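Q: Structure below; questions to follow.
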Amino acid sequence: MSKLLVAATGLAAATALTLGGTGTQAASTTLLPAGHSFAAKLTGKATFVAGSTTMTCTVSASVPTTGANNQVPAAPANHNDAGPVSATINPPTFSGCSTSITGVSVTVTANSANGAWTLSAQNGAPATGGFTIPKGGVVLKTSGFASCTITASPAGPTAVNGTWTNGAPSALAITGAPVPATVTGGFLCPTGNQSATFTATYQITDTTDPAQQITVTG
């Protein structure tokens, strides 16, 4: 059971959609088209692995609503001479989540109570990108055999890094990214600090003009 809940920890931590860190490169970066709104939507499945236990979500997305979230910065802020370009995003939603352990279900809620979610992109070979989860930005609750609360990124912001590929649409692929979490609850909950890995691919689409693509260049 403790393996199950450690896996649940991975789900909460990872959802970031777990959607902002980038790699260590310091190349010039431009995110295009300047000022356009974008959506980040899961393609395939997001998997959260801890030990021999896997959790899966089939739906996840961060989409624009009102305000400046999910928007490429206007020029010249969409360019950085020596580093990544970042944009604040709405906390992603997660649904269709299940665990490989029979009799345990899970719900995932993302929030921006302690800071903003961001999506960042860094030009390079390859280009990189990722999400930054704010402190406590994802809360996962299990039910069934045990009722536990798992809080992702408990001590502060956490970058979940991956590889960016320009295309139609562009994609952000995250593979085995580590994310910390804290577990609280009663008997059978592995309380304390935990960690797991997250793997998912998000398609990044232009919602201002669907005929265009969100791209990373120098």
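Q: So D209 ticks every box in (1) open to solvent by less than 70 Å² (accessible area, probe 1.4 Å); (2) in a loop (DSSP other than H, G, I, E, B); (3) farther than 20 Å from A39 by Cβ but one. Which box is left unticked?
A: Single failed check for D209: (3).
Q: Of all residues being closer than 25 Å to C189 by Cβ and in a strand (DSSP E or B) in the range 149-175, which is nearest to the chain's Cα centre (by Cα)? Just the residue, please.
A: Top of the filtered list is V160.
Q: Hey, could you check the range 88-109 for residues that are closer than 21 Å to Q203 by Cα and surrounded by fewer than 14 Cβ atoms within 10 Å (Cβ to Cβ) and say which is farthest from the chain's Cα centre (by Cα)?
A: G96
Q: Sort out which residues of the range 150-185 are among the aliphatic types (A, V, I, L, M) and open to solvent by less than 20 Å² (accessible area, probe 1.4 Å), and write them in order of number.
A: Step one: list which residues in the range 150-185 are among the aliphatic types (A, V, I, L, M), which gives 150, 152, 155, 159-160, 168, 171-174, 177, 179, 181, 183.
Scanning the range 150-185 gives I150, A152, V160, L172, I174, A177, V179, A181, V183.
Q: Among (1) modelled with pLDDT under 95; (2) under 17 Å from the mean Cα position of the chain (by Cα); (3) closer than 22 Å to T163 by Cβ, there is one condition T9 misses while meeting the rest; what is its number?
A: In the conditions (1) modelled with pLDDT under 95; (2) under 17 Å from the mean Cα position of the chain (by Cα); (3) closer than 22 Å to T163 by Cβ, T9 misses (3) alone.
Q: Do we find a residue being out of contact with any helix residue (DSSP H, G or I) (no Cβ under 8 Å at 6 or more places or on another chain), at pLDDT 95 or above and surrounded by fewer than 16 Cβ atoms within 10 Å (Cβ to Cβ) anywhere in the range 133-149?
A: Scanning the range 133-149 turns up at least one residue that is out of contact with any helix residue (DSSP H, G or I) (no Cβ under 8 Å at 6 or more places or on another chain), at pLDDT 95 or above and surrounded by fewer than 16 Cβ atoms within 10 Å (Cβ to Cβ).
Q: For V85, all conditions in the list (1) at pLDDT 90 or above; (2) of a type in the set (A, V, I, L, M, F, W, C); (3) open to solvent by 30 Å² or more (accessible area, probe 1.4 Å) hold save one; what is the number of the exception?
A: Evaluating V85 over (1) at pLDDT 90 or above; (2) of a type in the set (A, V, I, L, M, F, W, C); (3) open to solvent by 30 Å² or more (accessible area, probe 1.4 Å) leaves (3) as the failure.
Q: Considering only the range 91-107, state which residues are small (G, A, S) and either out of contact with any strand residue (DSSP E or B) (no Cβ under 7 Å at 6 or more places or on another chain) or within 11 Å of T142 (Cβ to Cβ) (or both).
A: G103, S105 - these are the residues of the range 91-107 that are small (G, A, S) and either out of contact with any strand residue (DSSP E or B) (no Cβ under 7 Å at 6 or more places or on another chain) or within 11 Å of T142 (Cβ to Cβ) (or both).
Q: In the range 135-148, what residues are hydrophobic (A, V, I, L, M, F, W, C) and assigned to a loop (DSSP other than H, G, I, E, B)? Step through it out loud before you land on a result.
A: As a first pass, look at the range 135-148 and keep what is hydrophobic (A, V, I, L, M, F, W, C): 138-140, 145-146, 148.
F145, A146, listed by residue number.
Q: How many residues does the range 176-212 hold that are under 23 Å from A87 (Cα atoms) and over 20 Å from the mean Cα position of the chain (by Cα)?
A: 5
The values are calculated or read from the model by the stated rules, or taken from the named source; none is laboratory data. Every value quoted in this text rests on a predicted model; they were computed, and no experiment measured them. Please note: Cβ atoms are built from the backbone with ideal geometry, for glycine as well, and neighbour counts cover all protein chains shown. Remember, those area values only see protein heavy atoms, side chains included, never the ligands or the DNA or RNA. Shrake-Rupley method; radii C 1.70, N 1.55, O 1.52, S 1.80 Å.
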